[in-house]
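Peer 1: What follows is a structure written as structure tokens; I'll ask about it next.
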Amino acid sequence: MWSSNHEGRMIPASMNSKRNEQETTYLRNMKLSLKSFMIVAAVTAIIFLGFSLKKVQVPKINMLQLCNYQPQKDCSVTQSIPAPMETDENDGIEDVFNKIDTLIPKVTIDDMQKATSAEETKVTVVNRKDDYCVEDPLLVRVDAYDYSGAPKTYGGDYLRARIYSPATNSSASGSIQDYNNGTYLVKFTLFWEGTVNISIVLMHPSEAVSALWRGRNQGFDNIKYTGNFTSATSYANSECGFYLDTQQEVCAYIDKRDKEAFFCAKPKNYPCEALTHMNSVNRDHSYLTEVEQLLLNRSNIGLEVSKPLKPIKVASCGRKQKEPTDKCRAGSYYPIPSGYFSYNVWKPIHCKMTQFNDNDKLKDFLKGKKLFLMGDSTVRQYIRHFAENIKIVDYFNHTEDEMQSWQKTLLAINLEKFIYVQWKKHTFPFVSKTFYSIKEDAYMARQIDQIGGGENTIIILTLGQHFRPFPFRTFIRSAINVRRAIERLFIRSPRTRVIIKEENARDMDIDMERFSDFHGHVQYLALREIFQGLNVGFVDGLDMSIAYACNVIHPPLKVLENLISMSFTQAS
């Protein structure tokens, strides 16, 4: 039989039947393939949705180990990371903490009258005489009394002592011995001739010192951090800190090696990697009682106890102050007083400092060198002085708007002399009311790890001011990590110069519970303990600022020039 196909041609019926059977089979196979494809697509969608609901993330390891975790559960990529205040018996933190802790009085009061009073406290010159000679000692006894006029039976008062002669811009601090019974002996050395004034100041009574130490180590509630998470079209702010008491999902930013950690509550619909900026403010919170807070009022801080003492006369007596001959070098540090000012120039007692206050001398010293400045704004003063005051380097690629964000990394160069200077802030804890970028930040130990080093590399670092509002162990951990980073640096590049600029005194009209110089003083003691035996230079910013009586966070130009000179003397 014959039939026509779709083109109108005549074909045998048997052939047409076979063709229809092939088409039917083809259509059936097509339906099966489509069905299989739809099944695979559905399974894929279910798997993808399941992973999304579980919020599974691949850990991203950069400068910080990043992970996302639920409260009360271990983070899958940060096992064995301790809580912020938890330490290991082998990490050395507790050893340093306990050494400082033994120096702190443990007293509490409920009555202001029982605290040390500057007005009631008595001072006496032990070796009083009509005439003194240069290099003579001057001994002053301090007997502490409380507001009721009763003698104190325990020590721990935070005192400062200095001698000064305005006519010659001379000044020096004194060493203070605490007999732990309410009596103190202040020792001065009379380094210059002329009329010398005596100043002994009660910064904090022992009761305030005890309260400051207890409150500082009680928790992290004095400072509130806010993190800014951003995307291309929106942003969200979220609470951050060293510790978060929340049931919200949390982002953990953790350095596993050095056991340093910071946390942020995770905003909805933002990944942890979207954190870009941070700021902080003082929280309306106190760990202190009402009486203890009263002791920290500005009217009770930095009070003179030496008003009855009259100036003394110092003659040369044929003596001449001995000038040290050995240059100040890295690897040594000295107790207060480590030097004195004369005509606004710092004179170290045990070594000779080269003055670097001449532009040509500075440029010749820095020629061909890389200078890395790390830490807070007090060491940022160095690069600003070089670029803005004496103009031996020029800022590189910084517009006026960028300069308004003081936390931003600064880079300055001198192409003629091949000078490279960089300032970079340390990361957490960094305290600033204005938002600052954290994407270029790293812990100081990690910053040091990124530097190759060499004989033409100088690192000057400081850490302290921003650590004051936080538990002391936080500071110790960071300082120990920095020491280990310097040790690694010296292994790969032993000729690199590293200088530690110890923190200076600061303003007295700030929030004392968070930023008192007492916190800076114990950090100063801890740094000397932690870096003992390491071939680094020490610049005693605390001694200089006490001697000069510059109670401002950014010392004046005369002090800054001496800080720079002492830094470069030890780096040369």
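The values are calculated or read from the model by the stated rules, or taken from the named source; none is laboratory data. All values reported here derive from a predicted model rather than from experimental measurement. Note that each Cβ is placed from the backbone with ideal geometry, even for glycine, and that neighbours are counted across all protein chains shown. We work out accessible area using only protein heavy atoms, side chains counted, and drop any ligands, DNA or RNA first. Shrake-Rupley method; radii C 1.70, N 1.55, O 1.52, S 1.80 Å.
Peer 1: Cross-link list K361/K391; K268/K424; K129/K152; K313/K352; K256/K408: which exceed 22 angstrom alpha carbon to alpha carbon? It would help to have the intermediate numbers written out before the result.
Peer 2: Working: K361/K391 13 Å; K268/K424 32 Å; K129/K152 28 Å; K313/K352 27 Å; K256/K408 26 Å.
Table pairs above 22 Å Cα-Cα are K268/K424; K129/K152; K313/K352; K256/K408.
Peer 1: When the Cα centres of region 189-254 and region 438-510 are compared, how far apart do they sit, in Å?
Peer 2: 18 Å
Peer 1: Let me ask you something else. Which of rounded, prolate, oblate describes region 336-402, given a ≥ b ≥ c as roots of the alpha-carbon gyration tensor eigenvalues and a/c under 1.5 marking rounded, otherwise prolate only if a/b is larger than b/c?
Peer 2: Judged from the Cα gyration tensor, region 336-402 comes out prolate (a/c at least 1.5, a/b above b/c).
Peer 1: Follow-up question, since we're still on this one. At a Förster distance of 45 Å, what's the computed FRET efficiency of N269 paired with Q450, Cβ-Cβ distance as r, to 0.05?
Peer 2: Computed FRET efficiency for N269 and Q450: 0.85.
Peer 1: What is the list of residues in region 468-504 whose amide nitrogen lies under 20 Å from a point 7 angstrom out from the Cα of E94, following Cα to Cβ?
Peer 2: It comes to 471-481, nothing else.
Peer 1: Tally the DSSP beta bridges in region 358-465 and give the antiparallel ones as a percent, rounded to 5.
Peer 2: Numbers: 7 of 18 bridges.
Antiparallel bridges make up about 40 percent of those DSSP assigns within region 358-465.
Peer 1: When all C-alpha to C-alpha distances in region 185-250 are sorted into bins of 5 Å, what percent of pairs does each bin hold, rounded to whole numbers?
Peer 2: Percent of Cα pairs in each bin: 3, 9, 13, 11, 9, 9, 8, 8, 7, 7, 6, 5, 4, 1.
Peer 1: Say each of D131 and N359 gets a label point 7 Å from the Cα, pointing the same way as Cα to Cβ; how far apart are those two points in nm?
Peer 2: 4.9 nm
Peer 1: Please say if region 261-368 is rounded, prolate or oblate, where rounded means a/c under 1.5 for a ≥ b ≥ c the square roots of the C-alpha gyration tensor eigenvalues, and otherwise the choice is prolate for a/b larger than b/c and oblate otherwise?
Peer 2: Since a/c reaches 1.5 but b/c is at least a/b, the shape of region 261-368 is classed as oblate.
Peer 1: Above 17 Å lies some portion of the pair distances; for region 166-295, what is it as a whole percent of all C-alpha pairs?
Peer 2: Counting every Cα pair in region 166-295, those more than 17 Å apart make up 74 percent.
Peer 1: Pulled fully out, how much extra length does the chain show between N297 and N389, if you take 0.36 nm times their separation in residues and subtract their Cα-Cα distance?
Peer 2: 29.5 nm
Peer 1: Another one. Keeping every protein chain in place, order Y132, Y287 by accessible area at 1.4 Å, biggest value first, i.e. largest first.
Peer 2: Descending order: Y287, Y132.
Peer 1: Could you give each residue of region 247-261 its phi-based ³J(HN,Hα) in whole Hz, using Karplus coefficients 6.51, -1.76, 1.60 with θ = phi - 60°, and x for Gly or Pro?
Peer 2: Karplus-based 3J(HN,Hα) across region 247-261 equals 9, 6, 4, 10, 9, 10, 10, 10, 9, 5, 5, 9, 6, 10, 9 Hz.
Peer 1: What are the ³J(HN,Hα) couplings of region 141-156, residue after residue, when phi is run through the Karplus curve with 6.51, -1.76, 1.60 and θ = phi - 60°? Round to Hz, x for glycine and proline.
Peer 2: Those phi angles translate into 9, 10, 10, 7, 10, 8, 5, 7, x, 8, x, 6, 10, 9, x, x Hz.
Peer 1: With the crude spin-label approximation of a point 7 Å out along Cα→Cβ, what separation in nm comes out for K327 versus R492?
Peer 2: The two pseudo-label positions are separated by 2.8 nm.
Peer 1: May I ask for the percentage of alpha-carbon pairs in region 276-319 that lie more than 15 Å from each other?
Peer 2: 73 percent
Peer 1: Right, next: Rounded to whole Hz and in sequence order, give me ³J(HN,Hα) for region 411-424 from the Karplus expression 6.51 cos²θ - 1.76 cosθ + 1.60, θ = phi - 60°, writing x for Gly and Pro.
Peer 2: Ordered by residue, 3J(HN,Hα) equals 10, 9, 9, 10, 5, 5, 9, 6, 9, 10, 10, 9, 10, 9 Hz.
Peer 1: Volume per residue, Å³, of the convex hull around the alpha-carbon atoms of region 411-500?
Peer 2: 110 Å³
Peer 1: Here's something else I'd like to know. Does region 340-491 come out rounded, prolate or oblate by the C-alpha gyration tensor, with a ≥ b ≥ c the root eigenvalues, rounded set by a/c under 1.5 and, if not, prolate when a/b is larger than b/c and oblate if not? Don't skip to the end; give the middle numbers.
Peer 2: Working: a/c = 1.45, a/b = 1.21, b/c = 1.20.
Rounded is the answer for region 340-491, as its axis ratio a/c remains below 1.5.
Peer 1: Tally Lys and Arg at +1 and Asp and Glu at -1 over the other residues with C-beta under 13 Å from the C-beta of L560: what net charge comes out?
Peer 2: With Lys, Arg at +1 and Asp, Glu at -1, the neighbours total +2.
Peer 1: Next question, about the same structure. Could you compute how much accessible surface L296 exposes when probed at 1.4 Å, giving the result in Å² to the nearest 10?
Peer 2: Near enough 20 Å² of accessible area.
Peer 1: Once the piece of chain linking R319 and T102 is laid out straight, how much longer is it, given 0.36 nm per residue of separation minus the C-alpha distance between them?
Peer 2: So the chain would gain 74.0 nm between R319 and T102.
Peer 1: Next up: Sticking with the crude label model, points 7 Å out along Cα→Cβ, report the distance from H350 to Y235 in nm, one decimal please.
Peer 2: 4.9 nm
Peer 1: Tell me which trypsin sites (Lys or Arg not before Pro) from region 462-570 have a DSSP coil assignment and no more than 14 other beta carbons within 10 Å of their own. The partial results should precede the final answer.
Peer 2: Working: sites: R473, R477, R483, R484, R488, R492, R495, R497, K501, R506, R514, R528, K558; in loops: R495, R506.
Qualifying residues, ordered by number: R495.
Peer 1: Sticking with this structure for a sec: What does the charge count near Y158 come to, summing +1 for each Lys or Arg and -1 for each Asp or Glu among other residues with Cβ under 13 Å from its Cβ?
Peer 2: With Lys, Arg at +1 and Asp, Glu at -1, the net is -3.
Peer 1: Within a Cβ distance under 13 Å of P429, other residues only, what is the Lys/Arg minus Asp/Glu net charge?
Peer 2: +4
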